[in-house]
Amino acid sequence: MFKTLLDHLPGGIRRALDTVGLTPEPAPPADARRGGVLEAAFGANPGALTMKLHVPAVPPRPGGPLLVLLHGCGQDAADFAAAAGWIALANRLGAPLLLPEQAAGNNLGRCFNWFDPGDIARNAGEALSIRTMAEAAIVRFGCSRAHVYVAGLSAGGAMAAALLAAYPDVFAAGAVVAGLPVGSASDMRSAMARMNIAGADLDGPGWAARARAMAPPGYGGGWPRISIWQGGADRVVDPANAANLQAQWVALHGLGEVPTQDLAPRPGLRRRVWQDAVEVWTIDGMAHGFPVAHAAREAFVLDAGIDATAEIARFWGLLPATS
């Protein structure tokens with residue numbers, strides 16, 4: 001996740017916040033890229049991110065879902081999306097795939113600044129840039145506002161969790177792979193400490209309070225559903241972070257600590273479910289990365305014998321459940 005994180009600037013050169021609403025500018029495709037990935041214009045961009053889109057060959061149907069995928073440190077958004085199966089999923093669903101991309105000017109390792117309060121707060125920084133990109137895509141393709149989903153790996157996973165907390169009224173569900181709980185760090189030093197030594201210094205309600213603090217004032221709606229994935233041999237992000245993330249979202253949903261299902265699909269693979277609101281997958285022996293069921297050449301995309309993208313889509317209700 002943060003192989004070179006100690007070398008990064010904390011937030012890079014700070015950007016003046018641009019809070020000019022969420023009305024998107026026209027979003028014509030700019031430079032076409034491999035696999036149909038386009039660079040597009042959008043509205044307010046205080047986070048100085050790039051908006052990339054994969055548009056399926058069959059035009060997305062109005063009222064369909066919007067998928068948002070956040071890459072890990074140093075990854076190319078399109079290459080990661082292809083290697084991890086998200087472009088194939090978008091094609092299968094006939095859904096647009098939004099691929100926000102980080103710039104070295106913001107973070108030298110091109111990690112999303114998941115630990116910077118100015119980048120994860122609602123209507124500020126990188127969070128607002130991603131929210132505005134999503135709005136532009138919703139308008140452009142006529143996507144259902146009730147079916148917007150976000151997933152991410154590592155720094156992208158931690159940012160996905162922050163987006164679910166800051167915009168629970170925007171995202172229906174999310175997935176965090178090798179990420180961290182919301183509010184677990186506030187600067188570079190605490191980010192490094194939390195990644196490497198993730199003690200359970202808070203209980204579930206304590207972690208939940210940190211997520212609630214990100215939501216709109218007085219928010220009383222439901223919380224997005226979440227799929228959490230963690231490798232047991234991760235030496236970049238301590239696996240205890242997944243346990244804290246689990247405690248955070250189980251408490252947010254007001255559920256008990258004991259899962260309603262505790263399954264072992266195969267030796268070394270465990271899936272726990274809390275009333276279809278929270279699921280946690282743990283994979284013994286897997287290092288830091290995104291699990292797939294095939295050999296992959298992309299960094300941090302690992303053959304773990306399971307297609308995490310398809311399982312996430314099933315949990316979100318976008319693919320039929322397996323028998």
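The values are calculated or read from the model by the stated rules, or taken from the named source; none is laboratory data. Because the structure is a prediction, the values reported are computed rather than measured. Glycine gets a Cβ as well: all are built from the backbone with ideal geometry, and neighbour counts include every protein chain shown.
Among the residues making up the stretch 297-315, a single one is among the small types (G, A, S), farther than 25 Å from M195 by Cα and crowded, with 19+ Cβ neighbours inside 10 Å: A313. Within the stretch 177-198, the set of residues being in contact (Cβ under 8 Å) with a residue 40 or more places away in the chain and either assigned to a loop (DSSP other than H, G, I, E, B) or touching a strand residue (DSSP E or B) at 6+ places or on another chain (Cβ under 8 Å) (or both) comprises V177, A178, G179, L180, P181, V182, S184, A185, S186, D187, I197, A198. Pairs linking a residue in the stretch 100-125 that is more than 12 Å from M159 (Cα to Cα) to a residue that is part of a loop (DSSP other than H, G, I, E, B) and of a type in the set (K, R), with Cβ atoms under 6 Å and 6 or more positions apart or on different chains, are A104/R110. Among the candidates A40, A57, A48, A84, the residue that is at positive phi and modelled with pLDDT of 50 or more is uniquely A48. Cβ-Cβ contacts under 8 Å between residues 6 or more apart (or on different chains), taken from a first residue in the stretch 203-227 that is part of a loop (DSSP other than H, G, I, E, B) to a second residue that is β-branched (V, I, T), are listed as M214/I120; M214/V182.
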